[in-house]
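One structure is given below, encoded as structure tokens.
The values are calculated or read from the model by the stated rules, or taken from the named source; none is laboratory data. Bear in mind that the values here come from a model prediction, so they are computed numbers and not experimental data. Virtual Cβ from ideal backbone geometry, glycine too; neighbours counted across all protein chains shown. These area figures cover heavy atoms from the full protein model, side chains too; ligands, DNA and RNA do not enter into them. Shrake-Rupley method; radii C 1.70, N 1.55, O 1.52, S 1.80 Å.
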Amino acid sequence: MPPTFKTLRTPLAPETDYSLTARPGWLRLYGGQTLSSHHRQTLFARRWQHFAFTAKTKIDFAPQNFQQVAGLVLFYDTCNWIYAYITWDERINARTLQILRCDYKDFTYGSKAIPLPDGEISLKVCVNGAEAQFYYRADGDWQPLGGVQPADHLSDDYVETRRGRCAFTGTMVGICAQDMDAHQSHADFACFDYAEQR
């Protein structure tokens, strides 16, 4: 694992929380608890090091129900994050991609749910100061996912003002997987790239 990857509170256990051997060349994440959980999250993230950057990943994930989720996240703490996630929508019987924002425990959707074809999906987020734009790619070119997302709540100053104290080690960007059902699903990630925008 790259040394820039961090986990939340405690290390993740190889072959229990994640695996580098189950699918050679891929990182497999086994679904943990929600992004708001203080306990068993399956999340790898790295620190924001620039005011403007791009982070990309490619995910192979076949959820069976709406409680199985995986994707790309901007994360400050369990109360402040922006998540571009893949899940299963039983109403349309298809995988979907959507943005969910948590701003000090207030949840709002940052995009409509986009139906996805089968197979691998690439996800990208471009951060510029206090704004973030997510993109996705299935077979063709990059497509925007929703509009520009306000990201000013992912900061020490904002959280300290709202909560009276800071709560994490700075803002992170990473990949994660959740399974609020049987905790048995998994998502495979082919890469995670982080690059400063100039």
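Values as computed for the structure displayed
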item: Candidate residues ILE114, ILE99: accessible-area rank, largest first, probe 1.4 Å; result: ILE114, ILE99
item: Long-range lysine pairs (8 or more apart or interchain), the chain, Cα under 18 Å; result: 4
item: Neighbourhood net charge (12 Å Cβ-Cβ; Lys/Arg +1, Asp/Glu -1) for VAL173; result: +4
item: Accessible carbon and sulfur surface of the chain relative to its total accessible area, %, 1.4 Å; result: 49 percent
item: Heavy-atom accessible area per residue - segment 50-142, 1.4 Å, Å²; result: 44 Å²
item: Chain lengthening between ASP118 and VAL148 when straightened (0.36 nm per residue, less Cα-Cα); result: 8.2 nm
item: Relative contact order (%) - segment 70-184, alpha-carbon pairs under 8 angstrom, separation at least six; result: 27 percent
item: Largest-first ordering by accessible area, 1.4 Å probe, given options LYS6, LYS58, LYS124; result: LYS6, LYS58, LYS124
item: Max mean-square fluctuation residue, GNM over the chain, Cα-Cα springs under 10 Å, options LEU154, LEU12, LEU43; result: LEU12
